[in-house]
Amino acid sequence: MFQQMQYFIAIVNNHSFTQAAVDCHISQSAISQQMKELESQLGVKLLNRKGRSFEVTEAGQYFYSHSQDILADVDQLIKKTIKIEKNDEVELRVGYLRSFGTAEFLQTVSKFTQEFPKVKIKISSGTHEELYELLQTGKIDLNFSDQRRALSNEYQNEFLTASEFMVAVNNSLPVEAQKIDVADLVDIPCILIIDGHQQVSEEEYYRNVLGVKSEFVIAKSYDEAQMLIASNQGYLIINQRMRTQLDKDIVKMISLVKGDRKLIQNYYAYWQANNSGYYIETFAELLKQTFA
């Protein structure tokens, strides 16, 4: 049926049996016969013929649209199957969140390389938005990052781990030791560790998701952020994963809440659904096992 689907797509695209036959390198009578057999197999009319012209039926429009998707998937299946046999030609491009740390990610890279020594791994690191753009533009195959958007069916999403948000503040700040509400920090600037071009998207995330009402100040590194905290010029939102990057003798770290709710940051491995494949899925599974 795959061949008949290709013929049908060619007929609709050209709106002509004659030109479709030319493009498909078969006779017009042969392509007409193939269409009759396809309609017979399906038990529905795909085309309403009117002399030398025709109209595509509603069923035909549906079949036309989804046939293209199916044939594209088949083409990818063939290409990726061949690559598995000739895995010396395969490159896996993966990205990881720079602020998370590298321990689990590097363990996964090591395991994967041992299992598939001929697969070349290209690694990129970045912020959430940098990695998201790389994935959208096809420059990486799999992304390991924090969740900032609602999960989408356009991506395969593999949950890895979660970590509670915390706030790092000056030791002299008179706040409750066990937890602090983000609303109670409104009079203190919130520190963002970013490059300038990411400021708008970061501020939107902090305001809309975390509920930050404070003004923002920018730091280029954890060291610079820690200096701002030590000099009472702001607070830094982190999570339990990141607390080791700060000196507990200089700052104190308190659980961050929003009303009665703890703030949690989830981490996923995710990749485009139409780019799923054996090596991508294997890498994601190894990464998940590392966090288990």
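The values are calculated or read from the model by the stated rules, or taken from the named source; none is laboratory data. Because the structure is predicted, anything quoted here is derived from the model rather than measured. Every residue, glycine as well, gets a Cβ built from its backbone with ideal geometry; the counts of neighbours run over all protein chains shown. SASA here: full protein model, heavy atoms, side chains in, ligands and nucleic acids out. Shrake-Rupley method; radii C 1.70, N 1.55, O 1.52, S 1.80 Å.
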- Hey, can you tell me all the residues within the stretch 197-217 that are touching a strand residue (DSSP E or B) at 6+ places or on another chain (Cβ under 9 Å), over 21 Å from GLY259 (Cα atoms) and assigned to a helix (DSSP H, G or I)? GLN198, GLN199, GLU202
- Message: Need a quick list: helices (runs of 4 or more DSSP H) entirely within the stretch 1-101 having at least 2 residues that are closer than 30 Å to ILE194 by Cβ.
- Response: none
- Considering only the stretch 153-196, give the strands (runs of 3 or more DSSP E) lying wholly within it that have at least 3 residues that are surrounded by 15 or more Cβ atoms within 10 Å (Cβ to Cβ) and modelled with pLDDT of 90 or more. 155-170, 190-193
- Message: Here is a check on your reading of the model: is ILE140 in contact (Cβ under 8 Å) with a residue 24 or more places away in the chain, within 15 Å of ARG98 (Cβ to Cβ) and part of a loop (DSSP other than H, G, I, E, B)?
- Response: yes
- Task: Kindly check whether there is at least one residue in the stretch 103-124 that is open to solvent by less than 90 Å² (accessible area, probe 1.4 Å), part of a loop (DSSP other than H, G, I, E, B) and under 29 Å from GLN240 (Cβ atoms).
- Result: no
- Task: Residue by residue through the stretch 38-72, note down the ones that are touching a residue at least 60 places away in the same chain (Cβ under 8 Å) and open to solvent by 60 Å² or more (accessible area, probe 1.4 Å).
- Result: ILE70
- Message: Please pick out the residue among VAL200, VAL209 that is farther than 20 Å from LEU246 by Cβ, free of Cβ contacts under 8 Å to residues at least 12 places away in the same chain, surrounded by fewer than 17 Cβ atoms within 10 Å (Cβ to Cβ) and hydrophobic (A, V, I, L, M, F, W, C).
- Response: VAL200
- Item | Residues being free of Cβ contacts under 8 Å to residues at least 12 places away in the same chain and of a type in the set (Val, Ile, Thr) - total across the stretch 271-292 | 0
- Note on the structure: All-but-one check, THR137 against (1) of a type in the set (Val, Ile, Thr); (2) farther than 30 Å from GLU224 by Cα; (3) open to solvent by less than 30 Å² (accessible area, probe 1.4 Å), failing number (3)
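For (1) farther than 30 Å from GLU129 by Cβ; (2) within 27 Å of the chain's Cα centre (by Cα); (3) of a type in the set (Ser, Thr, Tyr), each residue gets a yes or a no:
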position: ILE26; (1), (2), (3): yes, no, no
position: GLN34; (1), (2), (3): yes, no, no
position: LYS45; (1), (2), (3): yes, no, no
position: PHE54; (1), (2), (3): yes, no, no
position: ALA59; (1), (2), (3): yes, no, no
position: SER67; (1), (2), (3): yes, yes, yes
position: ILE78; (1), (2), (3): yes, yes, no
